[in-house]
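Have a look at the structure below before the remarks.
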Amino acid sequence: MTATSRDLEGRTALVTGGAQGIGLETAKLLAAAGARVAICDLAESGEAALQALGGAGAYFRCDVSDAEAVERTVGAVVERFGTLDILINNAGIAIDGLLLRMKRDDWERTIDINLSGAFYFCKAAVRHLLKARSGGRIVNISSVVGEQGNAGQVAYSASKAGLIGVTRSLARELAGRGVTVNAVAPGFIATRMTDDHVQGENRERLVAAIPLGRVGEPREVAEAVRFLCGPGAAYITGQVLRVNGGLYM
Ligand code: NAD
């Protein structure tokens, strides 16, 4: 599914959590397709990420769980680039633990970042997306866990299932206005998130359950996101595209 054309020329994309992992690979593919890319992430500076984009982007420091900061950031992106055509809600965290041991703070932080963060960005971006010349695009990064559930991930899976609800409802709200809204649900992907959380026997057990027999690469998720942003996906909305090696069918 590797797309090589520059069919996003002249468009502006905003990628939350784009400093590393799936978000950074997505930013790189969107930039390679001709888009100007705004990376929004937590660190003060995103020099390394911007270098990877080859000069096609800008970095905006933003905590996605801060509604006012999100408003300001979207305003700054539009001021910088003139338009906002594509929104990728990718920023996310995983705080794992069985329900009995999970702290209320962990639940709230997970929902605030993974779900409310996407809501704030959709809300702040929508009026700009409605003006996008070739049709606005929103892609929300959900997870296999949002559909399947997972012991020890009540908060994370609730946030990711919530994103699917946001995707389907907003797809219906915006379909008549030329904006498509889809979700990508990755399976087990090799990023810092899984390096930190899934190790040893647990990792081996997980890989053994994947029909394609291996962990996915961030680039393989980014390819799906990039497809949903391009003209070839104009008739796709309200869908969940699973990129999981067959882990959940
Ligand atoms: P990652 O940890 O490598 O990257 C996440 C990025 O989000 C980081 O750059 C981080 O700084 C940023 N971020 C975290 N909190 C933020 C906040 N409050 N404001 C702004 N930025 C914030 O993880 P990844 O694996 O690349 O994950 C990207 C997305 O894909 C996440 O939503 C994750 O839940 C989802 N996902 C990942 C996997 C996987 O196996 N790696 C599977 C399914 C879904």
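Residue ranges 184-195, 16-27 sort as 16-27, 184-195 when ordered by packing (mean number of other C-beta atoms within 10 Å per residue, highest first).
Rounded to the nearest 500, the 222 nm mean residue ellipticity of the chain from helices alone is -13000 deg cm²/dmol, with -39,500 (n - 2.57) taken per DSSP H run of at least 4 residues. Counting 0.36 nm for each residue step from Asp63 to Glu9 and taking away their Cα separation leaves a gain of 16.6 nm.
Ligands, DNA and RNA are left out, and with a 1.4 angstrom probe the accessible area of segment 51-140 is 52 Å² per residue. Taking the chain as a Gaussian network, Cα atoms linked when under 10 Å apart, which of Val145, Val198, Val221 shows the biggest mean-square fluctuation? Of Val145, Val198, Val221, the Gaussian network model singles out Val198 as fluctuating most. Largest mean-square fluctuation among Ala132, Ala175, Ala31, in a Gaussian network model of the chain whose springs join Cα atoms under 10 Å apart, belongs to Ala175. The dipole here belongs to the chain: it is taken about the Cα centre, uses +1 on the Cβ of Lys and Arg and -1 on the Cβ of Asp and Glu, and is about 720 debye.
Taking the centroid of alpha carbons for each part, segment 193-246 and segment 115-172 are 16 Å apart. For the pair Lys103/Glu79, report the inter-label distance in nm, with labels modelled 7 Å from Cα in the Cβ direction. Calculated label separation equals 3.7 nm. Going by accessible surface with a 1.4 Å probe and the largest first, Phe121, Phe227 read Phe227, Phe121. Ranking Ala31, Ala52, Cys62 by Cα position along the charge dipole of the chain, where only Lys, Arg, Asp and Glu carry charges on their C-beta atoms, puts Ala31 farthest toward the positive end.
Taking segment 32-60 and a reference point 7 angstrom along Cα→Cβ of Arg72, the backbone N atoms nearer than 18 Å belong to 39-46, 59-60. Checking Cβ-Cβ separations below 4.7 Å across the chain identifies Cys122, Cys229 as cysteines lacking any candidate disulfide partner. Taking only the alpha carbons of segment 58-175, we obtain Rg and Dmax values of 15.2, 50 Å in that order. Among 61-69, 156-164, sorting by the average number of other beta carbon atoms lying within 10 angstrom of each residue, highest first, gives 156-164, 61-69.
The residue among Gly165, Gly97, Gln148 whose Cα reaches farthest toward the positive pole of the charge dipole of the chain, with charges on the beta-carbon of Lys, Arg, Asp and Glu, is Gly165. Between Ala48 and Ala208, the simple label model (points 7 Å from Cα in the Cβ direction) yields a spacing of 3.4 nm. The Cα atoms of the chain cover 48, 38, 37 Å along the three principal axes, with the biggest extent listed first. When each of the peptides 146-152, 71-77 is scored by the mean number of other C-beta atoms lying within 10 Å of its residues, the order from highest to lowest reads 71-77, 146-152. Distances between placed amide hydrogens fall under 5 Å for Val37 paired with Ala13, Gly57, Ala58, all partners being 5 or more residues away or on another chain.
The values are calculated or read from the model by the stated rules, or taken from the named source; none is laboratory data. Since the structure is predicted, the reported quantities are computational estimates derived from the model, not experimental observations. Don't worry about glycine lacking a Cβ; one is built from the backbone with ideal geometry, like all the others, and counts go over all protein chains shown. Accessible surface is based on the protein model in full, side chains and every heavy atom, while ligands, DNA and RNA are left aside. Shrake-Rupley method; radii C 1.70, N 1.55, O 1.52, S 1.80 Å.
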